[in-house]
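Enquirer: Could you have a look at this structure, given as structure tokens, before my questions?
The values are calculated or read from the model by the stated rules, or taken from the named source; none is laboratory data. Since this is a predicted model, take the numbers as computed values, not measurements. FYI the Cβ positions are ideal-geometry reconstructions off the backbone, even for glycines, and counts take in every protein chain you see. Quick note on the areas: whole protein, heavy atoms, side chains included, nothing else; ligands and nucleic acids left out. Shrake-Rupley method; radii C 1.70, N 1.55, O 1.52, S 1.80 Å.
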Amino acid sequence: MRDMDNVESNLAGDLNMRIAYVVPYVPNLIRTRSYNLIHHLSSLGHDVSVFTLGSGKGDLLDAQNLKGPCRDVYYYPQPTWRSLLNSVAALPTTKPLQTVYSWHPVMARQLAERVSQNDFDVIHVEHLRGSRFGLFLKSRTPNMPVVWDAVDCISHLFQQASKQSSSFFGKFISRFELSRTKSAEGDLVCRFDRVLVTAPSDRNALLELVPSGKTPSEISVLPNGVDLEYFHPTAEIQREPETVIFSGKMSYHANVSMAKYLAEEIMPRIWRVRPAVHLYIVGKDPTPVIKKMARTPRITVTGSVNDIRPFLWRATVSVVPLMYGAGIQNKILEAMATGTPVVTTSRALGALQARTGKDLLVSDEPDGFSQAVLQLIANRDLQQKIGDAGVRYTRTFHSWNSIASQLADLYQKTLDGNSA
């Protein structure tokens, strides 16, 4: 790893493209998109240098773990107090807090210096939080191709959360940020050489934000994948007969809303028919609201776990009662890849090519959702059929190696367009 006191080079072999990958948080197995794209771009022979920032020992360790696949890793400490100070300074302005939260002037200047030395062929900048680094580079080196991976349309997410979030703070911050974020995203989508999103619905939402008279950049849909070597079926662990799993980061407002809906509306309907069914809520940083759910003997809240796979392998059904959201639900892909049958809502399907009733089961109402779960619990053959179909689906459409190859093709198209 490179920090600013000890710079080493790790250049090796014949490489196709020299990529500066700018991420406003340290890629790891939880931040799966950047983590896997970086690894698979490197395995395809591309020369990837990561510029990232974080706080604490965990982020530093995650950055060090990127050293193997990457040419270089530049890690910049970003204490939480600095991010909060950035946010406070933006309050009187019209800037979204997301665009300033991760701003680090030293990282921006040193990245621009490397770019000016012609060290890279293309710059990849991830998320709305990273967009300011992209704009800074375009102002310094306007001819350098910059691809902005928006991932999701954040204002589209805020629009939904402002009405449907079960969290007071979630609703408040969504409403506060909504108009700022709409304006910023409408501008950003016109400022880069290419824009990426994970789902067609996010592409459409971004295009709706483009101001009259402005021309948007090319917006390409690049879906998320799943690590098929890590998430896979196993015959070594038997599925339990009446176990339901819901997974994710349990401080995220959309997951909190799903957990409440699940515990209050869906599980009581399931328990009326099968009182022995046990719900596992698995994921780091559960809020006090979610922790209280564990007072019910039939609900276990695990908090952070070292490995989610045993929970998925043992589960009878994985549930994702999505009420609002953007992009792809990684929890769906992970469950499907392990052969765990999934029940979700139609809101999750816009980012997937999965077939309703064949690859997963879908219902938008509590009665129908609980019936789908009960149907899977009661029918082992259906469990196996849906689970096997999910495995085939993820292997066909969500291989990270295939998605990284798509990304490399998009880089090349961007380079070709800039040289035309």
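Enquirer: Pick out the one residue from Val273, Val320, Val305 that is open to solvent by 40 Å² or more (accessible area, probe 1.4 Å) and within 16 Å of Leu374 (Cα to Cα). So that I can check it myself, show each step before the final result.
Expert: Numbers: Val320 fails: open to solvent by 40 Å² or more (accessible area, probe 1.4 Å); Val305 fails: within 16 Å of Leu374 (Cα to Cα).
So the residue among Val273, Val320, Val305 that is open to solvent by 40 Å² or more (accessible area, probe 1.4 Å) and within 16 Å of Leu374 (Cα to Cα) is Val273.
Enquirer: Okay, moving on. Among the residues of the stretch 131-148, write down those that are closer than 15 Å to Thr99 by Cβ and within 18 Å of the chain's Cα centre (by Cα).
Expert: Once the filter is applied, which keeps residues that are closer than 15 Å to Thr99 by Cβ and within 18 Å of the chain's Cα centre (by Cα), the stretch 131-148 yields Ser131, Trp148.
Enquirer: For Asp285, are the conditions met, namely being free of Cβ contacts under 8 Å to residues at least 40 places away in the same chain, in contact with a Gly (Cβ under 8 Å, 6 or more places away or on another chain) and surrounded by fewer than 23 Cβ atoms within 10 Å (Cβ to Cβ)?
Expert: Working: free of Cβ contacts under 8 Å to residues at least 40 places away in the same chain: yes; in contact with a Gly (Cβ under 8 Å, 6 or more places away or on another chain): yes; surrounded by fewer than 23 Cβ atoms within 10 Å (Cβ to Cβ): yes.
Here the answer is yes, as Asp285 does meet what is asked.
Enquirer: Continuing with the same structure: Which of the following residues is open to solvent by less than 20 Å² (accessible area, probe 1.4 Å), small (Gly, Ala, Ser), farther than 28 Å from Gly186 by Cα and modelled with pLDDT of 95 or more: Ser87, Ser49? Spell out the reasoning first.
Expert: Details: Ser87 fails: farther than 28 Å from Gly186 by Cα.
Exactly one of Ser87, Ser49 is open to solvent by less than 20 Å² (accessible area, probe 1.4 Å), small (Gly, Ala, Ser), farther than 28 Å from Gly186 by Cα and modelled with pLDDT of 95 or more, namely Ser49.
Enquirer: May I pose another question? For Leu349, state whether it is closer than 24 Å to Asn36 by Cα, open to solvent by 10 Å² or more (accessible area, probe 1.4 Å) and either in a helix (DSSP H, G or I) or out of contact with any Pro (no Cβ under 7 Å at 6 or more places or on another chain) (or both).
Expert: On the way: closer than 24 Å to Asn36 by Cα: yes; open to solvent by 10 Å² or more (accessible area, probe 1.4 Å): yes; either in a helix (DSSP H, G or I) or out of contact with any Pro (no Cβ under 7 Å at 6 or more places or on another chain) (or both): yes.
Here the answer is yes, as Leu349 does meet what is asked.
Enquirer: If Thr215 satisfies every condition in (1) within 19 Å of the chain's Cα centre (by Cα); (2) within 29 Å of Leu137 (Cα to Cα); (3) assigned to a loop (DSSP other than H, G, I, E, B) but one, which is the exception?
Expert: (1)
Enquirer: Test of understanding: among Tyr393, Tyr411, which residue is within 30 Å of Val146 (Cβ to Cβ) and among the aromatic types (Phe, Trp, Tyr)? First the steps, then the outcome.
Expert: Details: Tyr393 fails: within 30 Å of Val146 (Cβ to Cβ).
Criteria check complete, one pass: Tyr411.
Enquirer: Here are the criteria: (1) surrounded by 19 or more Cβ atoms within 10 Å (Cβ to Cβ); (2) outside any loop (DSSP other than H, G, I, E, B). Tell me which single one Gly339 does not satisfy.
Expert: With (1) surrounded by 19 or more Cβ atoms within 10 Å (Cβ to Cβ); (2) outside any loop (DSSP other than H, G, I, E, B) applied to Gly339, the lone miss is (2).
Enquirer: Let me ask something else about it. Taking the criterion of being among the basic types (Lys, Arg) and more than 20 Å from Ser49 (Cβ to Cβ), would at least one residue in the stretch 100-122 satisfy it?
Expert: We begin by selecting, within the stretch 100-122, every residue among the basic types (Lys, Arg); these are 109, 114.
Narrowing the set further to residues that are more than 20 Å from Ser49 (Cβ to Cβ) leaves none.
Looking through the stretch 100-122, none of the residues is among the basic types (Lys, Arg) and more than 20 Å from Ser49 (Cβ to Cβ).
Enquirer: Considering only residues that are assigned to a helix (DSSP H, G or I) and β-branched (Val, Ile, Thr), look in the stretch 107-164 and name the one that is nearest to Leu188 (Cα to Cα).
Expert: The residue in question is Ile154.
Enquirer: Name the pairs: first residue in the stretch 255-279 and acidic (Asp, Glu), second residue in a helix (DSSP H, G or I) and surrounded by 16 or more Cβ atoms within 10 Å (Cβ to Cβ), Cβ to Cβ under 7 Å, at least 6 apart or on different chains?
Expert: Hits for this filter: Glu265/Pro366.
Enquirer: Could you check, for the stretch 156-164, whether at least one of its residues is at pLDDT 90 or above, under 22 Å from Leu349 (Cα atoms) and open to solvent by 30 Å² or more (accessible area, probe 1.4 Å)? Steps first, answer last, please.
Expert: Filtering the stretch 156-164 for residues at pLDDT 90 or above gives none.
Among the residues of the stretch 156-164, not one is at pLDDT 90 or above, under 22 Å from Leu349 (Cα atoms) and open to solvent by 30 Å² or more (accessible area, probe 1.4 Å), which makes the answer no.
Enquirer: Test each condition in (1) out of contact with any Leu (no Cβ under 7 Å at 6 or more places or on another chain); (2) open to solvent by 10 Å² or more (accessible area, probe 1.4 Å) for Val100 and report the one that comes out false.
Expert: Condition not satisfied by Val100: (2).
Enquirer: Sticking with this structure for a sec: Hey, any hits in the stretch 327-336 for a residue that's in contact (Cβ under 8 Å) with a residue 24 or more places away in the chain, open to solvent by 10 Å² or more (accessible area, probe 1.4 Å) and either assigned to a strand (DSSP E or B) or farther than 16 Å from Pro223 by Cβ (or both)? So that I can check it myself, show each step before the final result.
Expert: Step one: list which residues in the stretch 327-336 are in contact (Cβ under 8 Å) with a residue 24 or more places away in the chain, which gives 327-328, 330-336.
Retained after the next criterion (residues that are open to solvent by 10 Å² or more (accessible area, probe 1.4 Å)): 327-328, 330-331, 334.
Checking which are either assigned to a strand (DSSP E or B) or farther than 16 Å from Pro223 by Cβ (or both) leaves us with none.
No: zero hits.
Enquirer: Under 7 Å between Cβ atoms, at least 6 apart or on separate chains: pull out the pairs that start in the stretch 388-404 with a residue that is within 16 Å of Thr198 (Cα to Cα) and end on any residue that is part of a helix (DSSP H, G or I) and of a type in the set (S, T, N, Q).
Expert: That search, which allows pairs on different chains as well, returns Trp400/Asn36.
Enquirer: Search the stretch 165-212 for residues being among the β-branched types (Val, Ile, Thr) and assigned to a loop (DSSP other than H, G, I, E, B), and hand back the single one that is surrounded by the fewest Cβ atoms within 10 Å (Cβ to Cβ).
Expert: Initial filter on the stretch 165-212 (among the β-branched types (Val, Ile, Thr)): 173, 181, 189, 195, 197-198, 210.
Keeping just the survivors that are assigned to a loop (DSSP other than H, G, I, E, B) gives 189, 198, 210.
Working: Val189: 24, Thr198: 22, Val210: 17.
Here the answer is Val210.
Enquirer: Quick one: which residue in Gly248, Gly213, Gly225, Gly186 is touching a strand residue (DSSP E or B) at 6+ places or on another chain (Cβ under 9 Å) and farther than 26 Å from Ile290 by Cβ?
Expert: Values: Gly248 fails: farther than 26 Å from Ile290 by Cβ; Gly213 fails: touching a strand residue (DSSP E or B) at 6+ places or on another chain (Cβ under 9 Å); Gly186 fails: touching a strand residue (DSSP E or B) at 6+ places or on another chain (Cβ under 9 Å).
So the residue among Gly248, Gly213, Gly225, Gly186 that is touching a strand residue (DSSP E or B) at 6+ places or on another chain (Cβ under 9 Å) and farther than 26 Å from Ile290 by Cβ is Gly225.
Table: residues versus (1) at pLDDT 95 or above; (2) part of a loop (DSSP other than H, G, I, E, B); (3) more than 17 Å from Val301 (Cβ to Cβ); (4) not polar (S, T, N, Q).
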site	(1), (2), (3), (4)
Ser220	yes, no, yes, no
Tyr230	no, yes, yes, yes
Glu236	no, yes, yes, yes
Lys249	no, yes, no, yes
Val256	no, no, no, yes
Ala259	yes, no, no, yes
Ala263	yes, no, no, yes
Ile270	yes, no, yes, yes
Ile281	yes, no, no, yes
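Enquirer: Mind checking which residues of the stretch 363-420 are among the aliphatic types (A, V, I, L, M), assigned to a helix (DSSP H, G or I) and farther than 16 Å from Met17 by Cα?
Expert: First pass over the stretch 363-420, keeping only residues among the aliphatic types (A, V, I, L, M): 372-374, 376-378, 382, 386, 389, 391, 403-404, 407-408, 410, 415, 420.
With assigned to a helix (DSSP H, G or I) added as a condition, the list becomes 372-374, 376-378, 382, 386, 389, 391, 403-404, 407-408, 410, 415.
Residues satisfying the conditions are Ala372, Val373, Leu374, Leu376, Ile377, Ala378, Leu382, Ile386, Ala389, Val391, Ile403.
Enquirer: Looking at the stretch 369-386, can you tell me whether even one residue there is surrounded by fewer than 24 Cβ atoms within 10 Å (Cβ to Cβ) and farther than 19 Å from Pro241 by Cβ?
Expert: no
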